[in-house]
1. Could you please let me know if Glu26 is closer than 30 Å to Ile184 by Cβ, out of contact with any helix residue (DSSP H, G or I) (no Cβ under 6 Å at 6 or more places or on another chain) and surrounded by 10 or more Cβ atoms within 10 Å (Cβ to Cβ)?
2. Given the criterion loosely packed, with under 10 Cβ neighbours inside 10 Å and not aliphatic (A, V, I, L, M), identify the matching residue among Lys57, Lys13.
3. May I ask you to list the residues in region 114-159 that are in contact with a strand residue (DSSP E or B) (Cβ under 8 Å, 6 or more places away or on another chain) and loosely packed, with under 13 Cβ neighbours inside 10 Å?
4. Of these, Gly152, Gly131, Gly147, Gly94, which one is at pLDDT 90 or above and touching a Ser or Thr at 6+ places or on another chain (Cβ under 8 Å)?
5. Conditions: (1) surrounded by 10 or more Cβ atoms within 10 Å (Cβ to Cβ); (2) over 29 Å from the mean Cα position of the chain (by Cα). Arg80 meets all but one. Number of the miss?
6. Considering only residues that are surrounded by fewer than 12 Cβ atoms within 10 Å (Cβ to Cβ) and aliphatic (A, V, I, L, M), which ones fall in region 160-192?
7. Go through region 148-174 and report how many residues are over 23 Å from Phe133 (Cβ atoms) and in contact (Cβ under 8 Å) with a residue 24 or more places away in the chain.
Amino acid sequence: MSHEALIQDLRQKNRARMNSIRREAEARVEELRRRKREELEQRQAEVLGRLKDEAEKVAAPILHEARRSALTIEDEALRRLSERLHALALNLLGKLREQDYDAVFAALFREVPAIDWEWVQVSPQDTELAGSFFSGAEVKADPLITGGFVAGTDGGRYQVVNTLERRLEKGWQAMLPHLLQQVIKERDAGPA
């Protein structure tokens, strides 16, 4: 083999060996990059997990307080709505006088014991009507009574309150949840 051919052969083998070394080095570099990426992703996941845990720890009392505040606001709104509905119901009691009120008064009268009542308080509009039912009793006008009556005997020892206002008071706790439910249903339905 000639000297030239030998040099050529050595150069070729050297290039092949260099290419092989370069490929091995590139493969090692790529493997190191892959491992480092995996390590970095794992560390990022760990850090994100810790941050998430910390965020939840910080947010928990804030969310609890926000829920508590929301419930307080809702309770206050329902209380105010209840008061408004009650005031509206009281104002509407006068409407009950518009339809056959004499029969309503008679029904209320039949509910009380048949004794000699000494006095009776009624709406100023009902003084004559009360006199026909409570004969012999002193009839007093009370502008705070919408309908019905308060009757007493035995020096005030016995007293019966059978007014529309009292009936509303007695039934209010049972009616209120249904009224609130209806108002909320109407609100949620929105404008038609």
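1. Answer is no for this residue.
2. So the residue among Lys57, Lys13 that is loosely packed, with under 10 Cβ neighbours inside 10 Å and not aliphatic (A, V, I, L, M) is Lys57.
3. Residues satisfying the conditions are Ile115, Asp116, Pro124, Glu138.
4. Gly147
5. (2)
6. Ala174, Ala189, Ala192
7. 1
A quick yes/no check of all residues on (1) more than 40 Å from the chain's Cα centre (by Cα); (2) assigned to a helix (DSSP H, G or I); (3) of a type in the set (A, V, I, L, M, F, W, C); (4) at pLDDT 85 or above:
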{"residue": "Lys13", "(1), (2), (3), (4)": "yes, yes, no, no"}
{"residue": "Ala27", "(1), (2), (3), (4)": "yes, yes, yes, yes"}
{"residue": "Glu31", "(1), (2), (3), (4)": "yes, yes, no, yes"}
{"residue": "Lys36", "(1), (2), (3), (4)": "yes, yes, no, yes"}
{"residue": "Arg43", "(1), (2), (3), (4)": "yes, yes, no, yes"}
{"residue": "Val47", "(1), (2), (3), (4)": "no, yes, yes, yes"}
{"residue": "Leu51", "(1), (2), (3), (4)": "no, yes, yes, yes"}
{"residue": "Glu54", "(1), (2), (3), (4)": "no, yes, no, yes"}
{"residue": "Ala60", "(1), (2), (3), (4)": "no, yes, yes, yes"}
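The values are calculated or read from the model by the stated rules, or taken from the named source; none is laboratory data. Since the structure is predicted, the reported quantities are computational estimates derived from the model, not experimental observations. Backbone-built Cβ (ideal geometry, glycine too); neighbour counts: all protein chains shown.
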